[in-house]
1. May I ask you to say which residue of Val49, Val19, Val33 is under 13 Å from the mean Cα position of the chain (by Cα), modelled with pLDDT of 85 or more and more than 17 Å from Asn67 (Cα to Cα)?
2. Just to be sure I understand the filter: pairs with C-beta atoms under 7 Å, separated by 6 or more residues or on different chains, first member in segment 38-55 and over 14 Å from Val22 (Cβ atoms), second member open to solvent by less than 100 Å² (accessible area, probe 1.4 Å) and assigned to a loop (DSSP other than H, G, I, E, B). Which pairs pass?
3. Take segment 21-43 and flag every residue that is among the aliphatic types (A, V, I, L, M) and surrounded by fewer than 12 Cβ atoms within 10 Å (Cβ to Cβ).
Amino acid sequence: MQADPRMLEQNAARTANVVVPVKKLNGDEIFEVECGINTLNQSVSWAQVKTGPPVTDDDVKYLRARNFCSEP
């Protein structure tokens, strides 16, 4: 099936749920982030970290070095 962006926008739910894995450079997953994407204006409505393994000190350093943390 082929569809243009306007057709997809008209038929899409207002908010689409997307799960994004956050990984280290070596491919190890730190955790997953679930986001609600507003399909009308293509913006993030909400986001939350899904349950995952405990975050280590090295994971925190990695995330901070890539500006994923809003607090120092």
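The values are calculated or read from the model by the stated rules, or taken from the named source; none is laboratory data. The structure displayed is predicted, hence computed values, not measured ones. Neighbour counts are summed over all protein chains in view; Cβ atoms, including those assigned to glycine, are modelled from backbone coordinates with ideal geometry. The protein model used for the area step is the full one, side chains on, heavy atoms only, and it has no ligands, DNA or RNA in it. Shrake-Rupley method; radii C 1.70, N 1.55, O 1.52, S 1.80 Å.
1. That would be Val19, the only listed residue that is under 13 Å from the mean Cα position of the chain (by Cα), modelled with pLDDT of 85 or more and more than 17 Å from Asn67 (Cα to Cα).
2. Thr39/Ala12; Thr39/Ala13
3. Leu25, Leu40
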